[in-house]
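Report on the following structure.
The values are calculated or read from the model by the stated rules, or taken from the named source; none is laboratory data. No experiment lies behind these values; they were computed from the predicted model shown. Methodologically, a virtual Cβ is constructed for each residue, glycine included, from the backbone with ideal geometry; neighbour enumeration extends over all protein chains shown.
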Number of protein chains: 2
Amino acid sequence: MLYSKLFGKTSKTVSADEESINAQYLIRGGFIHKQMAGVYNYLPLGLRVLTKIQNIIREEMNAVGANEILMPSLTQEESYKTTGRDNMEILFRTEGPSGAKYVLNPTHEEIVTPLVQKNVFSYQDLPLSVFQIQNKYRNEPRAKSGILRGREFNMKDLYSFHTDETNLDEYYEIMKKVYHKVYERLGLGKITLLTYASGGAFSRYSHEFQTLCDVGEDTIFVCEKCNIGINKEIIGEQTSCPECGNVDLVEKKGIEVGNIFKLRTRFSDAFGFKYLNAQGVEQAVEMGCYGMGPSRIMGTLVEVFHDDNGIIWPESIAPFQYHLIVLGKEDETFEAAQKIYNSMTAAGKEVLFDDRREVSAGAKFADSDLLGIPTRLIVSKKTLVQNAVESKLRATGQVEMLDLTKLL
Amino acid sequence: MLYSKLFGKTSKTVSADEESINAQYLIRGGFIHKQMAGVYNYLPLGLRVLTKIQNIIREEMNAVGANEILMPSLTQEESYKTTGRDNMEILFRTEGPSGAKYVLNPTHEEIVTPLVQKNVFSYQDLPLSVFQIQNKYRNEPRAKSGILRGREFNMKDLYSFHTDETNLDEYYEIMKKVYHKVYERLGLGKITLLTYASGGAFSRYSHEFQTLCDVGEDTIFVCEKCNIGINKEIIGEQTSCPECGNVDLVEKKGIEVGNIFKLRTRFSDAFGFKYLNAQGVEQAVEMGCYGMGPSRIMGTLVEVFHDDNGIIWPESIAPFQYHLIVLGKEDETFEAAQKIYNSMTAAGKEVLFDDRREVSAGAKFADSDLLGIPTRLIVSKKTLVQNAVESKLRATGQVEMLDLTKLL
């Protein structure tokens with residue numbers, strides 16, 4: 001991609017009401033643009049990052065045999081009356097023709113339960129899991145953390161269906177591992193902790209995945225032996241590590257980047273969703289749900305990986321792998337840089353080429369630091385004399401000269 | 001994909017209120033599931049088709065240098081007051097915290113114009129085009145044509161920005177070609193006609209792309225020399241072919257699968273979006289918009305490509321390329337079929353493997369006809385004796401024996 005052709009430019013300032021680092025850097029870098037509080041546009045750089053996060057999540061869900069579907073956002077209010085959740089404060093409401101009452105789904109239990117119900121009759125149809133990557137709508141009273149907490153935001157939600165609690169428990173453990181694998185691939189593995197949180201009517205705990213970060217909204221108590229957390233909300237009832245009994249817990253801040261929950265029969269009961277067991281007897285279907293927010297993860301990555309000059313994207317989700325910068329004014333240098341860009345792109349490498357002529361070296365470096373692409377490649381008269389480009393890693397600052405013959 | 005693991009099964013019947021062929025076959029095949037009138041769930045088979053259509057469109061938009069972005073669905077009503085479109089009947093409305101008035105975007109001129117305005121200052125920043133693939137919300141009084149006309153539906157919308165009318169005209173001609181190329185790749189090339197339709201305040205015509213189809217909502221008059229159409233809505237003022245003057249026009253029905261429109265300065269004027277020309281003088285930005293609906297195209301493909309037994313997908317957007325069917329009861333046959341499936345999948349081929357043991361050959365063939373995957377491969381004791389599988393093309397019925405050694 002030529003920077004001169006890229007929609008969305010860097011800026012030095014950002015509106016004073018953007019308090020969060022993620023909003024500041026993502027807006028200044030031209031990744032996102034705020035529509036209104038909690039609602040953002042994704043510009044090309046931001047959409048590239050978001051799509052990469054979604055694809056990693058999608059691959060790992062597919063790898064365990066979950067079926068991808070796409071459920072709508074508009075739904076009849078009636079479905080929420082069935083589950084008794086029609087009074088949730090966060091519901092956005094609207095009306096269809098003749099005043100029919102609709103809501104914008106803040107989550108999809110009310111949609112997925114009757115949908116799966118139509119396809120499951122006997123124990124032979126179970127277990128089964130479906131997921132989607134879709135927007136959610138929540139009328140949050142406060143939406144001040146950039147893309148960490150939105151009114152319209154992106155979510156991967158997976159729902160699993162089982163014959164009995166044992167089967168649900170087994171799947172739940174599989175999903176814990178899948179979640180850890182996703183965070184690992186996103187570069188958040190070591191600092192994202194399985195965290196015990198409050199359950200519901202049917203289960204003692206739910207589990208969150210908390211990424212340790214000083215600006216996190218959640219307070220967790222960490223067992224540093226097991227590398228797991230306990231959300232402050234349950235510390236009254238759970239004062240030691242549920243896994244090793246350790247009472248020497250360390251208070252930290254976290255951003256919730258995932259949440260998994262045993263719904264048990266909360267929703268299948270509401271919709272009368274039963275299956276026939278091997279003896280031909282009707283049984284309630286056991287359910288689990290597993291959420292993970294790509295847009296929130298994108299914000300978390302910025303909160304975790306940045307310095308005073310800008311973002312430091314992990315390789316796996318960086319918008320581009322290389323930021324090619326040409327210095328000087330000579331046509332020959334620009335032509336050489338263009339050739340390098342063409343060769344690298346033809347070889348399938350993701351390169352953002354800062355081809356601007358009128359911009360100073362200092363301004364290009366500042367933009368490059370802000371955008372946070374992992375490897376900066378500098379082409380100048382000086383490097384070309386050595387038949388080389390200068391490479392600098394955004395994360396470590398490590399500089400080396402790369403031989404052009406090898407690079408191409 | 002194993003059919004036994006696929007979420008969404010075929011059914012022989014469909015609710016009587018589904019009048020359209022696309023809804024009947026897509027629901028019976030397990031591609032989609034109706035949430036309510038005009039709102040559908042996409043099951044795995046349907047989502048695969050939709051994604052392929054989106055990707056073809058995306059590739060062609062990228063190929064002409066358009067930048068992909070993603071704009072939100074929730075937007076402040078105020079933006080529509082600015083353009084005087086806040087009274088459109090099709091607007092879905094909702095409220096944010098403290099009663100702030102929001103709408104769900106039925107199209108995105110009100111979002112994209114101020115967004116691009118923030119990034120364009122001088123003639124050097126133009127021309128520029130951005131597109132997105134995003135849902136639209138329209139409170140349609142009637143929504144009875146399956147996924148041809150939805151209240152929540154998927155759309156590719158591209159917006160272009162220019163210094164002057166000549167530049168807009170040039171780009172508009174480029175987009176006509178791009179649109180034809182997309183329909184070509186979707187298998188609709190020959191029957192999709194550029195059609196003159198009513199313009200607006202600023203231009204004499206807009207152009208639709210109409211796919212000839214007896215169930216189409218639009219009536220068009222076709223010049224069979226030029227292969228273009230004239231929408232009935234303008235036939236009063238335009239009674240001959242605008243390209244060759246031919247008055248011998250043939251009345252046909254069409255489904256509008258795309259619409260391109262010169263907005264001129266309708267929206268840039270409303271938002272005060274100007275640029276500085278080379279002489280430093282402020283000028284209004286000229287705009288074009290270019291819509292194409294992936295979900296409507298999916299419905300159109302079914303309306304056009306089907307027979308009495310089901311759908312006949314074109315290769316480019318079929319959910320799978322091969323429908324592998326195993327017949328008989330013997331373990332050896334199933335194991336052989338499983339091996340063929342494994343080899344083909346490992347070679348990157350998209351195969352749906354009907355691995356059901358309890359289902360008759362007749363039922364499997366009926367399902368296969370309904371699903372419409374281009375090539376059916378049959379594995380049985382009989383074919384294995386010949387070290388072969390029987391191949392049958394869904395479109396032509398052509399049957400041949402394929403040597404297994406060659407196939408793998």
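At least 2 residues being within 23 Å of B:Gly272 (Cα to Cα), within 12 Å of another protein chain (Cβ to nearest Cβ) and under 28 Å from the mean Cα position of the chain (by Cα) is the threshold, and among the strands (runs of 3 or more DSSP E) wholly inside the range B:70-112 those reaching it are B:74-76, B:101-104. It is to be established whether one or more residues within the range A:265-279 are closer than 30 Å to A:Glu350 by Cβ, modelled with pLDDT of 95 or more and among the small types (Gly, Ala, Ser). Looking through the range A:265-279, none of the residues is closer than 30 Å to A:Glu350 by Cβ, modelled with pLDDT of 95 or more and among the small types (Gly, Ala, Ser). Figure legend. Inter-residue proximity from the range A:74-88: first residues more than 24 Å from B:Asn154 (Cα to Cα), second residues hydrophobic (A, V, I, L, M, F, W, C), beta-carbon distance below 6 Å, spacing 6+ or different chains. Indicated pairs: A:Thr82/A:Ala270; A:Thr83/A:Ala270.
For the subset of the range A:246-305 comprising residues that are small (Gly, Ala, Ser) and under 12 Å from the mean Cα position of the chain (by Cα), which member is nearest to A:His180 (Cα to Cα)? Within the range A:246-305, the match that is nearest to A:His180 (Cα to Cα) is A:Gly258. Inspection of the range B:332-349 finds no residue satisfying the criterion of being under 27 Å from B:Thr13 (Cα atoms), touching a residue at least 40 places away in the same chain (Cβ under 8 Å) and not aliphatic (A, V, I, L, M). So, in the range B:236-270, how many residues would count as being over 16 Å from B:Tyr205 (Cα atoms), among the polar types (S, T, N, Q) and part of a strand (DSSP E or B)? Matching residues across the range B:236-270 total 0.
With the structure loaded, tell me whether B:Ser98 is over 28 Å from A:Pro141 (Cα atoms) and either surrounded by fewer than 19 Cβ atoms within 10 Å (Cβ to Cβ) or out of contact with any Pro (no Cβ under 9 Å at 6 or more places or on another chain) (or both) or whether it fails that test. Judged against the criteria, B:Ser98 is not a match.
The single condition among (1) touching an Asp or Glu at 6+ places or on another chain (Cβ under 6 Å); (2) at pLDDT below 95; (3) not charged (D, E, K, R) that B:Gly150 does not meet is (1). For the range A:105-148: of the residues being among the small types (Gly, Ala, Ser) and out of contact with any helix residue (DSSP H, G or I) (no Cβ under 6 Å at 6 or more places or on another chain), which is farthest from A:Leu26 (Cα to Cα)? Within the range A:105-148, the match that is farthest from A:Leu26 (Cα to Cα) is A:Ser122. Among the residues of the range B:120-155, the ones that are closer than 18 Å to B:Cys289 by Cα, within 8 Å of chain A (Cβ to nearest Cβ) and surrounded by fewer than 23 Cβ atoms within 10 Å (Cβ to Cβ) come to 2 in all. Among the residues making up the range B:46-61, those that are facing another protein chain (nearest Cβ under 10 Å) and either part of a loop (DSSP other than H, G, I, E, B) or not small (Gly, Ala, Ser) (or both) are B:Leu47, B:Arg48, B:Leu50, B:Thr51. The numbered conditions (1) out of contact with any strand residue (DSSP E or B) (no Cβ under 9 Å at 6 or more places or on another chain); (2) surrounded by 13 or more Cβ atoms within 10 Å (Cβ to Cβ) are all true for B:Gly362 except (2).
Residues that are at the interface with chain B (Cβ under 9 Å from one of its Cβ atoms), within 25 Å of A:Gly362 (Cβ to Cβ) and either within 16 Å of the chain's Cα centre (by Cα) or not in a helix (DSSP H, G or I) (or both) within the range A:26-45 comprise A:Gly30, A:Leu43, listed in sequence order.
Residues in the range B:389-408 that are modelled with pLDDT of 95 or more and among the basic types (Lys, Arg) were compared, and the one that is nearest to B:Glu332 (Cα to Cα) is B:Lys392. Checking each residue in the range B:7-25 for being within 12 Å of chain A (Cβ to nearest Cβ) and part of a helix (DSSP H, G or I) picks out no residue at all.
Residues in the range A:278-306 that are in contact (Cβ under 8 Å) with a residue 40 or more places away in the chain and either among the acidic types (Asp, Glu) or under 20 Å from A:Phe202 (Cβ atoms) (or both): A:Gln283, A:Val285, A:Glu286, A:Met287, A:Gly288, A:Cys289, A:Tyr290, A:Gly291, A:Glu303.
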